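To start, the structure itself, in structure tokens.
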Amino acid sequence: MPNLPALHPAVGQPSLTAAGMRHHALMKPLLLGLVALLLAVGFAHLGSEVGEGDTLGFDLLLARGALSLRTDHPWLADVMRDWSGLGSTSVLALLTIITVGYLALDAAWTTVAVVSISTLAGTFLVSAFKFLFGRSRPGSALTDFVESGMSFPSGHASMAAIVFLTLGTLLASTRVLQRERTYILLVAALLALLVGVSRVTLGLHWATDVLGGWAFGVAWAIAGLLFSQWLVLRDAPQEKQS
């Protein structure tokens with residue numbers, strides 16, 4: 001006997017559950033796309049403010065506060081260096097390679113391509129933005145050690161957001177329970193947050209460098225994941241009509 005559509009208990013009409021699910025499936029990527037667009041606009045606006053020097057007062061205030069914290073609590077610098085290491089090129093590259101290898105074992109070639117290209121392109125864009133804005137890092141008076149390279153946006157903050165949020169979303173998609181998915185995504189966001197905070201606390205970046213890095217990184221991660229989802233749905237075999 002063929003399956004019949006569920007009936008509304010009051011009016012005897014077909015259930016709207018399927019329609020509601022389709023609506024939810026459509027609205028979620030639209031909302032995520034809107035978030036990515038707003039973050040991209042925010043990044044562009046912040047970059048303009050940084051270029052004009054309008055954020056210097058705010059940045060100096062936080063940089064001096066971070067210096068006072070390190071002076072009053074010498075142990076803090078060691079903790080911040082450990083957190084900063086989570087966003088280093090070697091750590092993030094290793095995590096990405098491990099993830100790509102696992103996806104390859106599962107023959108998820110579309111996701112492999114998107115994750116690889118998204119990460120590499122994100123790295124290239126961060127370098128391009130640094131060259132474009134040409135902002136200098138905080139001077140030796142505000143930091144315990146000076147790193148080379150330009151400052152805006154923070155590469156650690158940008159790439160940590162891209163890698164941790166991308167990998168966290170992929171991992172969360174394998175879980176059934178909502179609380180498990182939420183926990184995984186919160187941990188991924190926390191890791192990106194800690195990396196950015198460490199860069200400011202150590203005096204290696206201005207606060208707006210990190211804010212810009214987070215804005216770009218989250219927007220880029222969302223864009224990559226939405227593109228990956230679109231490719232998977234496009235290539236999925238269509239169900240045969242019965």
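The values are calculated or read from the model by the stated rules, or taken from the named source; none is laboratory data. Fair warning: this is a prediction, and the values are worked out from it, not measured in the lab. Just the protein is used for accessible areas: all its heavy atoms, side chains included, with ligands, DNA and RNA removed. Shrake-Rupley method; radii C 1.70, N 1.55, O 1.52, S 1.80 Å.
Assorted remarks:
- Measuring max minus min along each principal axis, the C-alpha atoms of the range 71-201 give extents of 51, 33, 20 Å (largest first).
- Helix-only CD estimate at 222 nm, as mean residue ellipticity for the chain, using -39500 (n - 2.57) per DSSP H run (n ≥ 4): -25500 deg cm²/dmol
- Inter-part distance, the range 99-115 to the range 188-221, computed on C-alpha centroids, equals 27 Å.
- Taking the square roots of 5 times each eigenvalue of the Cα gyration tensor of the chain, largest first, gives ellipsoid semi-axes of 42, 19, 17 Å.
- The C-alpha atoms of the chain define a longest principal axis, and helix 17-51 lies at about 20 degrees to it.
- Residue ranking by accessible heavy-atom surface, 1.4 Å probe, largest first, among 205, 156 comes out as 156, 205.
- For the range 91-105, putting each phi into the Karplus relation 6.51 cos²θ - 1.76 cosθ + 1.60 with θ = phi - 60° gives couplings of 5, 5, 5, 4, 4, 5, 4, 4, 5, 4, x, 5, 5, 5, 4 Hz, in residue order, rounded to whole numbers and with x for Gly and Pro.
- Computed Kirkwood radius, in angstrom, where 1/r is averaged over Cα pairs of the range 124-229: 14.4
- The chain, relative contact order in percent, only Cα pairs under 8 angstrom and at least six apart counted: 29
- Computed accessible area, residue 71, all protein chains, 1.4 angstrom probe, square angstrom: 100
- If the Kirkwood radius is taken over C-alpha pairs of the range 54-128, then at 37 °C and 0.692 mPa s the Stokes-Einstein diffusion coefficient equals 212 µm²/s.
- Percent accessible area from carbon and sulfur atoms, the chain, protein chains only, probe 1.4 Å: 70
- The heavy atoms of residue 49 offer some 50 square angstrom of accessible surface to a 1.4 angstrom probe.
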